[in-house]
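Structure record follows, encoded as structure tokens.
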Amino acid sequence: REAWRAAREALRAEKFEDAAQRFEAIIQKQPDSRYVPESHYWRAYALYELGGQARLQEATSSLTELMDSYPTHRSIEEARDLLIRIHGQLMNQHADRESAEHIIEFMEQWEEAHHGDREDPESECDPLKLAAIQSLMQMNEARAMPVLKRVLEDHEKCPELREKAIFVVAQNESPEATQLLLETARNDPDTQVRQQAVFWLSQVSGEESLDALREIAMDRTDREVQLKAIFALAQHSSPRAAATLEEIARDPEHSLEVREQAIFWLGQTDDSFDFLSGIYTTLEEFELREKVLFSISQAGSRQAGEWLRERALDPQESHELRKKALFWLGQMGELSCGDMQKLYTEFTDREMKEQLIFGMSQMNESCATRALIEMARNEKDPELVEKIVFWLGQTGDDEALDFLEELINR
């Protein structure tokens, strides 16, 4: 009893090396003691905490001895859980193939034991099972894939378990893995699981995955999954993927958010200018027009710059959209100081002039400071002069300081 107490004290003090040795001494020197079964467990636990391949393998031996020699002991469940964690660590950190086989055996045995048993579905979310699924990533595909397939096809399982299985499946580049992703994306009842499957389909090339993504993107029953499908389509370089995004962007039957996302991702491609500029005037919603302005600005081409300039100068356009066009022109670097000063004289609308004043104040160039000074000298509107003076005061430029001093001395 004293030896047991001393070993437990060492464990509580986190002196794991000492604790492991003391528990081993009980096993070796007192084989008939009632403390032997738990000494096997706690020795394995102390070795697990110490880590390292040799100690972890010793720990598995101790736990295996406990489970073989004392199959009805009260600590068997805890021993089994710890054994799986140790095998997972050995496999992931030390590429131990034998431990990988143990992980597979555990999953297969668990599947067989719980097949058709739904009395306690929450137990399927056990972190141990999640860890076991994660460990399958390093496994031989021929052994791992059937286990993963059973997990994904059983929709009554914990969704977290299926999500983890999807991630593992996605790491395998095989027709069977792609088929599992396709089936899950189409059929799983859980939104999060379908989203994960759709995301990983974005990494799979080929017409079959494209067909599935188009089908999901067109389905308006689940907005979150639909948005994931739009993202996934944007990762495909296929003209069919772009055509699907264009169709969604045009279709008023789709939600505003979905159409915005289609427009956004089209803007990330190299040849979307003609479509986006063509669709702009057909869009009634402010949000969609605003998204087109942004998406076209991403092209960074002179053609895009000229088109945005036309929008900024168009008196038929709303103030807010003209301001947006002007802002994105500035972000593209398409407007020089001279351009902005010229636009300032062309605009008669105060809001547009205010936007230009702000844009020039952000240029951090001496030519912008000089242009602002000239605008302040010529501007008749006191409120606009006040705004120019404010922004000149933020520049810290010597020319701006001289001008401000001149104003004070008038």
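The values are calculated or read from the model by the stated rules, or taken from the named source; none is laboratory data. Not measured: the values here are computed from a predicted model. Reconstructed Cβ throughout: ideal geometry from the backbone, glycine too, with neighbour counts over all protein chains shown. SASA here: full protein model, heavy atoms, side chains in, ligands and nucleic acids out. Shrake-Rupley method; radii C 1.70, N 1.55, O 1.52, S 1.80 Å.
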Quiz prompt | 0 to 90° range, to nearest 10: angle between helix 191-201 axis and the chain longest Cα axis | solution = 80 degrees
Quiz item: For the stretch 176-284, what D do you get in µm² per second when you plug the Kirkwood radius from alpha-carbon pairs into Stokes-Einstein at 25 °C and 0.890 mPa s?
Solution: 176 µm²/s
Quiz item: Summing Lys, Arg as +1 and Asp, Glu as -1, what charge do residues with Cβ under 12 Å from the Cβ of residue 298 carry, residue 298 excluded?
Solution: 0
Exercise. Could you work out how far helix 175-187 tilts from the main Cα principal axis of the chain, as a 0 to 90 degree angle to the nearest 10?
Key: 70 degrees
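Could you give the C-alpha radius of gyration of the stretch 160-235 expressed as a fraction of 2.2 N^0.38 Å, taking N as the number of residues it contains? Write out the running numbers ahead of the final one.
Numbers: Rg = 10.9 Å, N = 76, 2.2 N^0.38 = 11.4 Å.
Relative to the 2.2 N^0.38 Å estimate, the stretch 160-235 comes out at 0.96.
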Quiz item: Angle, helix 159-170 long axis vs. longest principal axis of the chain, Cα atoms, 0 to 90°, nearest 10?
Solution: 80 degrees
Quiz prompt | Projected label distance in nm at residue 240 and residue 221, using a 7 Å step from Cα toward the beta-carbon | solution = 2.3 nm
Quiz item: Taking the stretch 210-353 as the region of interest, what is the percent of Cα-Cα pairs per 5 angstrom bin, listed from the shortest bin to the one with the maximum distance?
Solution: 2, 10, 20, 20, 16, 12, 9, 6, 3, 2, 0
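Report the per residue volume, in Å³, of the convex hull enclosing the C-alpha atoms of the stretch 246-293. Spell out each step's value before the answer.
Working: hull volume 3.0 nm³, N = 48.
Cα convex hull per residue, to the nearest whole number: 62 Å³.
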Quiz item: When the helices in the chain are scored as -39500 (n - 2.57) per DSSP H run of 4 or longer and the sum is shared across all residues, what 222 nm value do you end up with, to the nearest 500 deg cm²/dmol?
Solution: -23500 deg cm²/dmol
Quiz item: Once you put a point 7 Å from the Cα of residue 287 and another 7 Å from the Cα of residue 25, both along the Cβ direction, what distance in nm separates them?
Solution: 7.1 nm
Self-check item: Of all accessible heavy-atom area on the chain, the percent that carbon and sulfur account for (1.4 Å)
Solution: 45 percent
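Return a whole-number percent for the relative contact order of the chain, with Cα pairs under 8 Å and 6 or more residues apart as the contact set. All intermediate terms of the calculation are to be shown ahead of the outcome.
Numbers: 473 pairs, mean separation 22.8, N = 410.
Across the chain, relative contact order equals 6 percent.
Once the cut-off is 20 Å, how many percent of the Cα-Cα pairs in the stretch 290-410 end up in the long-distance tail? Display every interim value, and only then the final one.
On the way: 3066 of 7260 pairs.
So the portion of pairs separated by more than 20 Å is 42 percent.
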Practice problem: Determine the per residue accessible area of the stretch 351-395 with all protein chains present and a 1.4 angstrom probe, expressed in square angstrom. | Solution: 53 Å²
Quiz prompt | 3J(HN,Hα) from dihedral phi, the stretch 223-238, Karplus parametrisation 6.51/-1.76/1.60, rounded to Hz, x for glycine, proline | solution = 4, 5, 5, 4, 5, 5, 5, 5, 4, 4, 4, 5, 7, 8, 8, 5
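Per the Cauchy relation, a quarter of the hull surface: what is the mean projected area of the convex hull of the alpha carbons in the stretch 368-410, in nm²?
On the way: hull surface 10.8 nm².
Here the figure is 2.7 nm², rounded to one decimal.
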Exercise. Using only C-alpha positions, report the orientation-averaged shadow area of the convex hull of the chain, nm², one decimal.
Key: 31.0 nm²
Quiz item: Out of residues 5 or more away from residue 205 or on other chains, whose amide H comes under 5 Å of its own, with H placed 1.01 Å from N in the peptide plane?
Solution: none
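Among the listed pairs 291/323; 324/353; 157/228, which are separated by more than 18 Å between their Cα atoms?
Working: 291/323 13 Å; 324/353 13 Å; 157/228 23 Å.
Exceeds cut-off: 157/228.
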